[in-house]
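Novice: Please find one structure pasted underneath; my questions will follow.
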Amino acid sequence: MDADQSQREEGFKANLIARLTAAGVQESDITVTYRDNLQDYEILIGGGTLANEAIADIRTATRMAGIVTFEDAENAARLHAQEAVEGRAFMRNMGVKLRASTPGLPVYDPAAMSLADFAAALETYSGFQPRQVLSVRDDATLQIGPAQGPVDFDRFRRLFDAITATLFDHEDVNVVLVGEDGA
């Protein structure tokens, strides 16, 4: 690392620590380290359990700055919960836009069809044969992949868009990729 790069890195760390201390974190509880395996900065925050508002302030202070981890398990759980809420809202907005711009999209109504029947309808809509890339586990988990034969990225994009547009408001349905959850 050359002197200019080292100076930029130290300036980045100092700025990040200043933002975190302004958010209420003690400077002695902050460790910022560049991790080659992450290709990003790990921001480790120690100390005791924090309130939800403090976690939100930390998220704001560290947005686009690296990967935040906490020594305290309750803080890590609060961070994950806040990120999940934000992610669901993002997916819901994306789903609404996709649904409005996607004619002929299957609609999932658990009172009228099983998840397996809906999965088959999604595959047909996306240009796959039923049960070619989707399977259902436990009547609540839609599993994607692996595909048989050459991968057709256009059909997979259409399938992912359809899943996003149709299942965003069904929080009781889990969607996993093969291997993502140990499957």
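No lab work stands behind these numbers, since they all come straight from the coordinates. Fair warning: this is a prediction, and the values are worked out from it, not measured in the lab. No Cβ is skipped: glycine too gets one built from the backbone with ideal geometry, and neighbour counts run over all protein chains shown.
Novice: Do you know the relative contact order of segment 1-64, to the nearest whole percent, from alpha carbon pairs under 8 angstrom that are 6+ apart? Let's see the in-between values first.
Specialist: Numbers: 41 pairs, mean separation 19.4, N = 64.
Averaging sequence separation for qualifying contacts and normalising by length gives 30 percent for segment 1-64.
Novice: Computed FRET efficiency, Cβ-Cβ of Asn15 and Ala73, R0 30 Å: what is it to the nearest 0.05?
Specialist: Efficiency, rounded to the nearest 0.05: 0.60.
Novice: Quick one: give the max-minus-min coordinate of the C-alpha atoms of the chain along each principal axis, largest first, in Å.
Specialist: 56, 39, 33
Novice: Among rounded, prolate and oblate, which fits segment 1-59 when a ≥ b ≥ c are the square roots of the eigenvalues of its C-alpha gyration tensor, a/c under 1.5 means rounded, and a/b larger than b/c means prolate?
Specialist: The shape class here is prolate.
Novice: Mind running the shape call on segment 93-164? Use the C-alpha gyration tensor, a ≥ b ≥ c as the square roots of the eigenvalues: rounded below 1.5 for a/c, prolate if a/b tops b/c, oblate otherwise. Display every interim value, and only then the final one.
Specialist: Numbers: a/c = 1.79, a/b = 1.06, b/c = 1.68.
Oblate, because a/c is 1.5 or more while a/b does not exceed b/c.
Novice: On to the next question. Can you compute the FRET efficiency between Asp4 and Thr31 using 1/(1 + (r/R0)^6), with r the Cβ-Cβ distance and R0 = 30 Å? Round to the nearest 0.05.
Specialist: That pair, Asp4 with Thr31, gives E of 0.80.
Novice: So if I place +1 on the C-beta of Lys and Arg and -1 on the C-beta of Asp and Glu, and nothing else carries charge, what would the dipole magnitude of the chain be about its Cα centre? I want it in debye, nearest 20.
Specialist: Once rounded to the nearest 20, the dipole reads 680 debye.
Novice: Still on this structure: Around Glu27, with a cut-off of 12 angstrom between Cβ atoms, what is the net charge of the other residues, counting Lys and Arg +1 and Asp and Glu -1?
Specialist: Counting the neighbours of Glu27, the net charge comes to +1.
Novice: Now a separate question. Please figure out what share of the DSSP beta bridges in the chain is antiparallel and state it in percent, rounded to the nearest 5.
Specialist: Details: 10 of 18 bridges.
Just about 55 percent of them are antiparallel.
Novice: What is the spin-label model distance, in nm, from Ala140 to Val176 if the labels are put 7 Å beyond Cα along the C-beta direction?
Specialist: My value for the distance between the label points is 1.2 nm.
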